[in-house]
Amino acid sequence: MYKGTDKISQIYKGTKPVRRIYKGDTLVYKIAPSGYVGTEYLESDGNQYIDTNITPNINSGIYIEYSYTTLNTPAGICGNYTPSGLYPDGRRDALFISTQSGSVNSTEIMLFSRGIEYHTNTLVSLNTKYKASINYLGDNKIKFDNLETANGTNLIDNTIIRLFSRFNASANNFNYSSAKIYSCKISNGTTLVRNFIPSVRLSDGEAGLYDLVNDVFYTNQGTGKFKYGKFKNIPDGYAQVDLGTLEWTYNGTRFATDITDITLRSTRLKGLCSKYPTFNGAVADAPDKSIIFSNSSYSVYVKDSSYTDATSFTTAMSDVWLLYQKA
């Protein structure tokens, strides 16, 4: 922890990550339990979303850190949009963070609450992390990065909050976004009811958001698979490597490299990759866009028909992370 900061990213005792710290009877620090590994972010391509199982009320609040990877129209991060006219008492926007349109050149990020459209006057910059909150812990404020305004509480709504999406009551549909979520907290008054951290389940490689409040793992309710970033809070017996830092060869069918400290245990289920699913079978039978571990050597293979030479493949693998079991 650096002097002057209020956030701790990770604590170790020796080489082992500390999972919980108490001050008296109060839990002051916590990470996901064994069986899960944290990641820098969770990423949707517009087809994946998280159902929080939270129906907002007048006391609800949210804090979220996110970035857009591409833009659709509109790009909803969370919340519910109900225009005036559908209810006699007017709009019922709840925990609503979205963009105004789908054009990078004209898109403003907006936060909606209690019928107030809070334009940030900030044009979307792709892959830039933003921090936004609405009535978080009952502070009655809308905040975006270092900007804030009042009137941050919500009107009662009856639609469960989804992340990577916003509900549009006028069209009776959801608008999804291509985005990354780094963290998300949902409150009811001054009580924290969700504390989501991006995580991956080690048993099957499923990515989602782990809720530290209720110890529940929330997974994709859409189609396809979430992508994710660099691993955090790595458990004992594992290590990670950026695939773009390895030497790759290409034989016309697949790419290959060696990781000299990977386990030689006779199994193909030796690791997880942030880009490619692990194929548990013979290398020759692997489908396109998969990663395969040798069950008898240090070799790791990737099949991806998008690339036809080792140089371009290596460049593309920069910031693609592999978590693997160590020898």
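The values are calculated or read from the model by the stated rules, or taken from the named source; none is laboratory data. All values reported here derive from a predicted model rather than from experimental measurement. No Cβ is skipped: glycine too gets one built from the backbone with ideal geometry, and neighbour counts run over all protein chains shown.
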Inset, instruction - Looking only at region 205-222, count how many residues are of a type in the set (Asp, Glu) and surrounded by 14 or more Cβ atoms within 10 Å (Cβ to Cβ). - result: 2
Legend entry - Hits in region 223-280 - residues which are in a loop (DSSP other than H, G, I, E, B), of a type in the set (S, T, N, Q) and surrounded by fewer than 19 Cβ atoms within 10 Å (Cβ to Cβ): Thr223, Asn251, Thr253, Thr260, Thr263, Ser266, Thr267, Asn280
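Residue-wise test of (1) within 16 Å of the chain's Cα centre (by Cα); (2) at pLDDT 60 or above; (3) assigned by TED's automatic domain parsing to the domain that holds Ser274.
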position: Thr107; (1), (2), (3): no, no, no
position: Ser113; (1), (2), (3): no, no, no
position: Tyr118; (1), (2), (3): no, no, no
position: Asp139; (1), (2), (3): no, yes, no
position: Leu155; (1), (2), (3): no, no, no
position: Phe164; (1), (2), (3): yes, yes, no
position: Ile186; (1), (2), (3): yes, yes, no
position: Val200; (1), (2), (3): yes, yes, no
Inset, instruction - Among the residues of region 137-149, write down those that are surrounded by 14 or more Cβ atoms within 10 Å (Cβ to Cβ), closer than 25 Å to Ser178 by Cβ and of a type outside the set (D, E, K, R). - result: Ile142, Phe144
Inset, instruction - Run Val300 past the list (1) surrounded by 19 or more Cβ atoms within 10 Å (Cβ to Cβ); (2) part of a loop (DSSP other than H, G, I, E, B) and report the number of the one that doesn't hold. - result: (2)
Legend entry - Matching residues, region 246-279, being closer than 24 Å to Lys227 by Cα, in contact (Cβ under 8 Å) with a residue 60 or more places away in the chain and of a type in the set (S, T, N, Q): Ser274, Thr278
